[in-house]
1. Non-local amide H neighbours of A94 (under 5 Å, H modeled in plane, Pro and chain starts lacking H): which ones?
2. Relative contact order for the chain: what is it in percent, counting Cα pairs under 8 Å that are at least 6 residues apart?
3. Using θ = phi - 60° and the Karplus curve 6.51 cos²θ - 1.76 cosθ + 1.60, what whole-Hz ³J(HN,Hα) does each residue of segment 39-50 get, with Gly and Pro shown as x?
4. First select every other residue whose beta carbon is under 9 angstrom from the beta carbon of D61; then total the charges, Lys and Arg +1, Asp and Glu -1.
5. For the pair A48 and A7, what calculated FRET efficiency results from E = 1/(1 + (r/R0)^6), where r is the Cβ-Cβ distance and R0 = 35 Å, to the nearest 0.05?
6. What ranking do 125-138, 93-106 get when scored by the average of other Cβ atoms within 10 Å per residue, highest first?
7. Give me the angle, in degrees from 0 to 90, between the Cα long axis of helix 123-132 and the longest principal axis of the Cα atoms of the chain, rounded to the nearest 10.
8. For volume of the Cα convex hull per residue in Å³, the listed values are (i) 109; (ii) 255; (iii) 138; which was obtained by calculation from the structure presented?
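What follows is calculated from the coordinates using simple rules that are stated; it is not laboratory data. This one's a predicted model, so the numbers in the text were calculated from it and none came from an experiment. Cβ placement follows ideal geometry from the backbone for every residue including glycine, while neighbour counts extend to all protein chains displayed.
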Amino acid sequence: MNAPVLAEQRGVDVALTTQTASGDHRSLVRVKLTLTDGSTVRVGGTVASPRQIGKIVEVDDFDVDVPLSDHLAFFRYHDKPGVVGIVGNLLGDAGINIGGMQVSRDDSEHALIVLTVDSPIPAELLDQITDNIGAHSGRFVTLIS
């Protein structure tokens, strides 16, 4: 696997550890990221099925099952009715198609929406969605190969 080499070439500090047990998955890779604001996020991924489909299966303490996509959005908020509709309407009004969506809750009534979308979400729209749903945070990620 050349991920550590590629990460180092892009200026990412890499520390590699291994464990023999991975819990719910046959293989699991966890990455801890430090964002520019100093906050951290942990993301776990695996490959599934005979087709070896890459998936995100955990984000911090949230269990998810989201196929990898070029464009992903993440919103953390206090769980309440209507949030999914607001997100879908705002993206639809902007002409951004949702490829997939998963909502996950933790034990403290906080929720996480993970979206795969067909095109980038502009910063202004990301802020608008975050504000309209009262999210603690909203982030957009473009994965590059």
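1. none
2. Working: 228 pairs, mean separation 28.6, N = 145.
This gives 20 percent for the chain.
3. 6, 10, 9, 10, 10, x, x, 8, 10, 9, 6, x
4. Values: positive: R42; negative: E58, D60, D63, D106, D107.
Taking every other residue near D61 into account, the sum is -4.
5. Numbers: r = 23 Å, r/R0 = 0.66.
The calculated FRET efficiency here is 0.95.
6. Top of the packing list down: 125-138, 93-106.
7. That works out to roughly 70 degrees.
8. The value matching this structure is (iii).
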